[in-house]
Structure formats: C-alpha cells, structure tokens
Amino acid sequence: MESLHLTKTTETPAVHMDVKAGTVELEGNSYPENAFEFYQQIFDWIDGYFSTGAGQMKAIFRLNYFNTSSAKCMLNFMTLLQKYHAAEKSISIEWHYEEDDDDMLEIGKAFSVDFTMPFQILSYVD
Amino acid sequence: MTNLSLQYQQYLPPLQAHELLTYEGVFTHEVVVQFTQELAAVMGGEKPKKLFVTTIELIQNIKNYSAETVDVTGNSPVGVGFAGVYSGEDEFISVSGNLVKTAHVERIKAHCSKVRGRTVQELRALYNEQLKEPPPEGSKGAGLGFIDIAIKTGGQVDFEFTPINDDVTFFTISAFINKL
C-alpha cells in the first residue's frame, strides 16, 4: 500500500493520502468533468488502506468551493467513512470552511448531524 | 436541427448591467474550466465564491443538458449554448441560455417551481434531502443544480422559456448574486 498524491488543478482539489499518518486530505476546488470517477479512485485507495488492517483514519476537508456532483461525492465519502466507523475503526473528520463561507459551513453541519463518527467543523481565514 | 447559435443573443433578457464575460458555442469540459479562469482574470482577484460556483453550475448545465449538441471528438456530444457574467449596481448576474426540447419544458418548469418562493433555510433543507436521493432519471449530475443556484442567490433566480418551434424552446436562467 502506497501513499498517493494528486496535484491540484483549477477544477480538482489536491489530494494527499498518507499511509503512515493515516490521513486523507483534500484542498482546493472541486468541479471535475466526472466527479464520480474522480472520487472513486480515492474511495478505492481508502478501501485498500483498510484492507491492510489499518485501524484509524483522519479525513481532512479544506475545500474552497464545489459543484453539486461533487457534493454528492462528499456524501458518498462520508458514507464510506461511516461504514469503517461502524466497523470499529477509529475515524475522525475535520471539515474546514473559510470564515465567511456560510455555504461550506452549512453543508458541513448537515453532514455532522447525519453521521455519528467524530466530526469537527473548523473555520479558517484565507 | 437548425443551427440557432448565432441568434441566441436576441432571446436573452435585457439587463441593467455591464458585460464582464460572455461565451457562445460548444461547452466542452475544457471550455467550462477556461471560462472560470477567464472569469477569475476579469474579476481581478475578487473571488466571490457564490458567483463562481453558480456560474460553474450554469455552464455545466449547458454542457450536460442543452438540446443542441456537437460531437467534437467523436466520443460524446457536448452541449451548445450561451453564458454571460454581468456586473450590475448591487449584484453580479450570471446568465445561461440554451435550447431544450419543447417536450421537456413542463418537466423543467416543475423543477423550477420547486425552488420558487422558499427561504434559504428551506432550500438548504431541500438540498440535504435531495442530496440523499438517487439522481433523477436523465440527470448526469445530482439533480441538485436549481436548488443550489437558488441557495447561492438567496432565491434571486429567474427562469425564462422562449418557444422557438414545436421541437425546441430557448431556456434562460438568470442568477443574481449580491455584491458585498
């Protein structure tokens, strides 16, 4: 199992999947041509990571803005992590939003209510 | 189908605003990305997220749902349409225009009426509900676009339908985003 890094583009976030640290971090914008395809490679990596017997993961979302197809993928992302939480893995989420970005805050709040895994919502100043 | 591209402008609603950026033609993914980069350049560092994300949603709608398509690469047809971003006194206006099948107009109108006259709080609840539903048939995205645009504009969104002929109707969405 290797760490995987995807370089940031105008329409896709930088993604850092680190085996040693047990972290997945997304940073940037998200409106790929095919969001479902883009996120599938991350989900596959996460499944691979846990199949090696790993016990924990921290997922860090620091997104600037995303389109509605990506929002659907974020929900699928949370659903996948919740599955591992339910399987006794130690999962935690950090959802970062820019201080005055009510849209990113509200969608984070909605996820934090819908899922029972540890979920932190944190503001940052750009 | 008759090529109506060159006549699109006549169907657009009149706006009391300065033109910042317009594009008319084929919306490949590369054009979608380029359009947002041009918009960033035109805005000169000002990056109101609600304007960017609304514009992306509008132009991806054209790409995915326009009834007029061109198959540039021979792999998959992409939508043709018009996109424009304008600066008014108190708001930015993002406009999309494209042909839709006249037979689909009633269904699109039903989608539009779902988001009319609701508060942002109600729209967010609707968004969260819809997010968990499987995408509607014929949707390439998540079926959330109109709701998202209504949220980002605080309900300031106009939908217009101009019948062209029995087959096609010109569909315009004008989204108004308050300047801070």
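The values are calculated or read from the model by the stated rules, or taken from the named source; none is laboratory data. Computed from a predicted structure; not experimentally measured. Cβ coordinates were reconstructed from backbone atoms using ideal geometry, including for glycine residues, and neighbour counts include every protein chain displayed.
Which of the following residues is under 19 Å from A:Phe66 (Cβ atoms) and either in contact (Cβ under 8 Å) with a residue 40 or more places away in the chain or small (Gly, Ala, Ser) (or both): B:Thr169, B:Thr153? Please lay out each step first, then the result.
Details: B:Thr169 fails: under 19 Å from A:Phe66 (Cβ atoms).
Answer to the selection: B:Thr153.
Can you name the condition, by its number, that A:Thr9 falls short on among (1) within 11 Å of chain B (Cβ to nearest Cβ); (2) under 14 Å from the mean Cα position of the chain (by Cα)?
(2)
Might you check whether a residue that is under 28 Å from B:Lys50 (Cβ atoms), within 14 Å of chain B (Cβ to nearest Cβ) and at pLDDT 95 or above occurs anywhere in segment A:40-56?
No: segment A:40-56 contains no residue that is under 28 Å from B:Lys50 (Cβ atoms), within 14 Å of chain B (Cβ to nearest Cβ) and at pLDDT 95 or above.
Return the pairs, sorted by first residue and then second, in which the second residue is at pLDDT 95 or above and not in a helix (DSSP H, G or I), the first residue lies in segment A:46-75 and is surrounded by fewer than 17 Cβ atoms within 10 Å (Cβ to Cβ), the beta carbons are less than 7 Å apart, and the residues are 6+ apart or on different chains.
A:Ala54/A:Gly22; A:Gly55/A:Lys89; A:Gly55/A:Ser90; A:Gln56/A:Gly22; A:Gln56/A:Lys89; A:Gln56/A:Ser90
List the pairs whose first member sits in segment B:63-83 and is basic (Lys, Arg), whose second member is assigned to a loop (DSSP other than H, G, I, E, B), and whose Cβ atoms are under 9 Å apart, counting only residues at least 6 apart or on separate chains?
B:Lys63/A:Glu33; B:Lys63/B:Phe27; B:Lys63/B:Thr28; B:Lys63/B:Lys140
For segment A:13-44, name all the residues that are touching a strand residue (DSSP E or B) at 6+ places or on another chain (Cβ under 6 Å) and hydroxyl-bearing (Ser, Thr, Tyr).
A:Thr23, A:Ser30
Could you check, for segment B:20-37, whether at least one of its residues is under 13 Å from the mean Cα position of the chain (by Cα), part of a helix (DSSP H, G or I) and hydroxyl-bearing (Ser, Thr, Tyr)?
Taking every residue of segment B:20-37 in turn, none turns out to be under 13 Å from the mean Cα position of the chain (by Cα), part of a helix (DSSP H, G or I) and hydroxyl-bearing (Ser, Thr, Tyr).
Out of all the residues in segment B:123-142, is one or more of a type in the set (A, V, I, L, M, F, W, C), facing chain A (nearest Cβ under 10 Å) and crowded, with 16+ Cβ neighbours inside 10 Å? Outline the logic, then answer.
Filtering segment B:123-142 down to residues of a type in the set (A, V, I, L, M, F, W, C) leaves B:123, B:125-126, B:131, B:142.
Now narrow it down to the ones that are facing chain A (nearest Cβ under 10 Å): B:125, B:131, B:142.
Then drop every residue that is not crowded, with 16+ Cβ neighbours inside 10 Å, which leaves B:131, B:142.
Yes; the residues of segment B:123-142 include at least one that is of a type in the set (A, V, I, L, M, F, W, C), facing chain A (nearest Cβ under 10 Å) and crowded, with 16+ Cβ neighbours inside 10 Å.
Tell me which residues, restricted to segment A:76-86, are more than 14 Å from every other protein chain (Cβ to nearest Cβ) and surrounded by fewer than 21 Cβ atoms within 10 Å (Cβ to Cβ).
Residues satisfying the conditions are A:Leu80, A:Lys83, A:Tyr84, A:His85, A:Ala86.
I'm trying to understand the selection: among the residues of segment B:46-89, which are surrounded by fewer than 19 Cβ atoms within 10 Å (Cβ to Cβ), among the small types (Gly, Ala, Ser) and in a strand (DSSP E or B)?
Passing the criteria: only B:Ser87.
Identify, please: which residue in segment A:87-126 is small (Gly, Ala, Ser) and more than 9 Å from every other protein chain (Cβ to nearest Cβ) and is, among those, farthest from the chain's Cα centre (by Cα)?
That would be A:Ala87.
Quick check on segment A:12-39: of everything there that is over 14 Å from the mean Cα position of the chain (by Cα) and crowded, with 19+ Cβ neighbours inside 10 Å, which residue is nearest to the other protein chains (Cβ to nearest Cβ)?
We begin by selecting, within segment A:12-39, every residue over 14 Å from the mean Cα position of the chain (by Cα); these are A:19-21, A:31-34, A:37.
Okay, now just the ones that are also crowded, with 19+ Cβ neighbours inside 10 Å, so A:31-32.
Details: A:Tyr31: 5, A:Pro32: 8 Å.
That would be A:Tyr31.
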